[in-house]
Structures are given as C-alpha cells and as structure tokens.
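The structure appears below as structure tokens.
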Amino acid sequence: MTFKHTMAAHCESGTVAALLKHEGMDISEPLVFGMSAGIFFGYFESRKFPFPTFVVRNRPGQIRTGMASRIGVKFREQKFRDPGAGERALDDLLAREIPVACQTDFFYMNYLPGHVRVHINVHFIIAVEKKDGVYLVSDCYSPDIAPLDRDSMMKARFAGGSFAPRGFMFYPVSVPERIDYRTAIWKGIRSAAFNMVRLPMPFLGVRGIRLFAKKVVDWPRLARDTEHLSHEIMKINILLEDQGTGGAGFRFMYATFLREAAERLKDPDLHDMSKRIMEIGDRWREISLFAARIGKRRDLGQDRLRELSSLIYERADAEESFFRDLLAMSKKKI
Amino acid sequence: MKEKDVRVDYRKHQVVLYAEKRDGSYGPVRTGSYITKNYLDDYWLKRNNLEREYLEKVRGGEISPIAYYMVLEELTPSELASRVKLSTRKVKRHMTPEHFGEATVEQLRRYCEVFNVPIAGMFQAVVTRKKGVRVEELKTDNPYFSIYTIATEKK
C-alpha cells in the first residue's frame, strides 16, 4: 500500500487529515482542526485523575464527527465487544489495502520514548499494513512509519478505563466532490467561539481558564511533596506544548487555521483574527516556559504561584475578548 | 511565535509546532521537544526518587506492589479498577499489604498488563549494588513467566 506518512501536531486532527489526503482531498491539519471546532479549554478535578488537569481541545472524537457533519465526508466506524473480532476486522481491511485509524491507549506505543508514554485511551494512529504479525502504523508523533507488535496493538485497542477504545476504528468511505468551505469554516468558528464564551459550566471555556488561574495557587495542598508539585507544575508545559498541540495549547494551530481560512475565503477580517490569536498563543507559551522554569528550580512558593495565576488570568481576559469578537463576526457571516 | 523561536535542536524527540515563517505565512515546523531537551534530567531525577521512596514503603509493609506501580503510572484506584475490570473497593484492598494476597494470579496478570511489568515484578524487585551490572526483565510468550538476564557491561 502506498500511504504517505507525515508527522502532525496532534493525533486526531493529523489522523483525519492524513486519511482524507489519502482519499485525494486537498486539506491540511489546521483546516481539519478549525472546521471541527477543535480549540477549547476545560479544567478538571475528578476521581479519575490523580491530580487536577486541563484540556485545550474539544472532546476526543469530535474532530472526526465535526468533519463528517461540516463537509459531508462519510466514515465507516466500528467498535467491538470481542477483541478477536476486532483484530479480524482490522486485518481484513489491511489485506484489502485500506488504511484504518484506530483508537488506542498511548501507553503501548512502544516505538515512542518511554518518558512520554502514559495511559490515555484517546490516541489515534493509522494502521497501514500487517507484516509477519507486526502492524506498521502511521503515528503523527513518530518521524517514520513504525512497527507495533500484535500484542501491544491488541492491548492498546482493548484497554479498559476512561474512554476505553473497545477496538474503535474508522476510515473514510466517501468524500464529497464539492465542499462548501465558506459554510464549513464559519460554522466551525461559531461553534468554537460559542464553546469558549457561552457555555454556562464554570470549568469550561474562558470560565475554565479563570478557574485554572484560581485553583493553581492551591495545588501545593494537593501535592505529596515539593517534587510532586514541581512535576505537576512542569506538566503545564507538557500539556500546552508537547502533548500534540502544535504549541501554546493549540492556539498556534488555530492561528494557522484562521490564516488559511482567510486566504481560502479572501476575508481580511480572518487575517486580523489569526494575528490576534497568534499573539495570545505567544503569551501562553510564556506561561508554559515560566512553569517549566519554576518547576525545575523548585521555586514554588505562593508568590511564584500567584504570578503564574495572574498570567493565566490575563490569558482568560484576552481569550474572552477574542472569542466574543469571533462569535459576533461569525453571526454576521453566516 | 516566530519559526526561529520555536526551533530546538534535539533529534531524539521530534514534535510539530505551528509558527510564523520568515515570509510571514503560518505553518508547521518540525523541531525538537523543548521540555525533553532541557528538563528530561529533572524528570528522571524525580522519577527515581519517587521509585526509591515507594519501594521503601513496599519493603516497610506500608503499601502493596499494586499501590507502588499505580503511583508510578499516575493512575487512581478508580481508573485502575476500570482497567483491570474489578471494583474500586477491591483494588483499594489489593493496595494494602494485608489484602494483597487475596488477589488471584489472573487478577495480578491483569494488573501487570496495565503496568507493563512481568508478573514476577509483583513479588520482587531486583536491584544491583555493583556498578556496570545491568539487570533486564524479559517477558516471554507465557504471561505468567519471565526471564531475568544479568550482564556486566564491558569496560
């Protein structure tokens, strides 16, 4: 099978973009991310997490479903109760030279460095071939197509826990000949902006950023010791920069989406907005670098955490203004 | 962010970031991971300290090996329970040395699958005092059996 592997910033948007490109569509990762309203913020404290955490994107799976509803691409999706049936179905598609996206537990992607692999059940890879019992997978985080042994693939596809994959896999079965990019782009923008400023829950959107800013000063109470606190503070950098966001918690990728949208639709307003979110992203990156620095130095007193908190509050204000303007703009355009 | 500001020379861990290119356009840049390059040593320092601290707790009979691996893998009892298909209550019992022995071999195998360790790792830890000696646990096709190799590194 000739499948063109490319690295991407994020596994789900990268996987969907790669599958659509394989089907002959001219589409980029930022366009997939933006049209499916990928940008988001949520702050969570739950029994499922050992420590408070935050997300900077919409719910896993919504990038695929968003693309299906906005541009009309049809995906064949399957889940399995029986792992054996899931394996046979995947192998059958690969034998027919159909690349298939699989939902997996990131922990078992043993071709990636050990220190990045954690249990998280929403990692997407594309299986492109099975040779001598070993799967060849296109993973956006790997520079090349990587081998994944059958045992690891099965554990990864049928891991339990939150968002258990249950062997979930998908691939496009039809792509539309003509796409109304204008409507798809503006609907994606409106949905993302609405989610950021209009959701009433206190832990989602801009409210979630403010909650994060408020709570981060309390993190020392929740940590086992200074090293644990340092680890959690440094994870802010990982969640914003390294965990497949394209930098600054997806804000740089969203800026790229708005720039691409501005060019496709010849809309100077979107060009200006792309600059604004790029600048907002620059300040997010400063936050992540600040977090890494104070974490390594164990400089985690209340003054430092309050400084971190005020930087996050500033981002909440900037994003509220940005997404309110974007929402108002989207209402006029569609 | 300008392209030159996100570029990090580190081949071992590559990521894709989006940035402003020289010509003013925005697009993907393949670069090294900033945090891995600059802070990986600190990560390993903390990880090794955590391993030592919790291994002492296992030795001291404060916690069971299940609690030890759970902390290392940053899981909670409820998330672990869902992964090994047991109740949270039962997992919490297995986390104590008094009730660890109640877990069946099959249940321990499921725990080990989550922690990605051989089943022998539930009963022992192999440490070396001598420098240059490498101990490796090798999994076999038999889920209940593993092999340890002990090798001295050549000078």
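The values are calculated or read from the model by the stated rules, or taken from the named source; none is laboratory data. For clarity, every value in this text was computed on a predicted model and none was experimentally measured. Cβ sites come from the backbone with ideal geometry, for glycine too, and all protein chains shown count toward neighbours. With ligands, DNA and RNA removed, areas are computed over all heavy atoms of the protein, side chains included. Shrake-Rupley method; radii C 1.70, N 1.55, O 1.52, S 1.80 Å.
Listing for the model above:
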| item | result |
| --- | --- |
| From B:Lys37, B:Lys57, residue being surrounded by fewer than 19 Cβ atoms within 10 Å (Cβ to Cβ) and closer than 17 Å to A:Val116 by Cα | B:Lys37 |
| Elements of type helices (runs of 4 or more DSSP H) in the range B:1-102, at least 2 residues being more than 18 Å from the chain's Cα centre (by Cα) and at the interface with chain A (Cβ under 8 Å from one of its Cβ atoms) | B:34-59, B:77-84 |
| Selection within the range A:240-271 - under 13 Å from B:Ser25 (Cα atoms) and either open to solvent by less than 10 Å² (accessible area, probe 1.4 Å) or not basic (Lys, Arg) (or both) | A:Phe252, A:Met253, A:Ala255, A:Thr256, A:Phe257, A:Leu258, A:Glu260, A:Ala261, A:Ala262, A:Glu263, A:His271 |
| Qualifying residue in the range B:121-143 (condition: exposed (fewer than 15 other Cβ atoms within 10 Å of the Cβ), part of a helix (DSSP H, G or I) and free of Cβ contacts under 8 Å to residues at least 24 places away in the same chain) | no |
| Conditions (1) out of contact with any strand residue (DSSP E or B) (no Cβ under 9 Å at 6 or more places or on another chain); (2) more than 10 Å from chain B (Cβ to nearest Cβ); (3) open to solvent by 30 Å² or more (accessible area, probe 1.4 Å); (4) of a type in the set (Gly, Ala, Ser): number failed by A:Ser162 | (2) |
| Some residue of the range A:122-144 being in a strand (DSSP E or B), among the polar types (S, T, N, Q) and surrounded by 21 or more Cβ atoms within 10 Å (Cβ to Cβ) | yes |
| Where A:Leu300 falls short, out of the listed (1) outside any loop (DSSP other than H, G, I, E, B); (2) open to solvent by less than 50 Å² (accessible area, probe 1.4 Å) | (1) |
| Residue within the range A:158-172 that is touching a residue at least 40 places away in the same chain (Cβ under 8 Å) and in a helix (DSSP H, G or I) present | no |
| Count - residues of the range A:4-17 that are more than 15 Å from the chain's Cα centre (by Cα) and closer than 18 Å to A:Gln62 by Cβ | 0 |
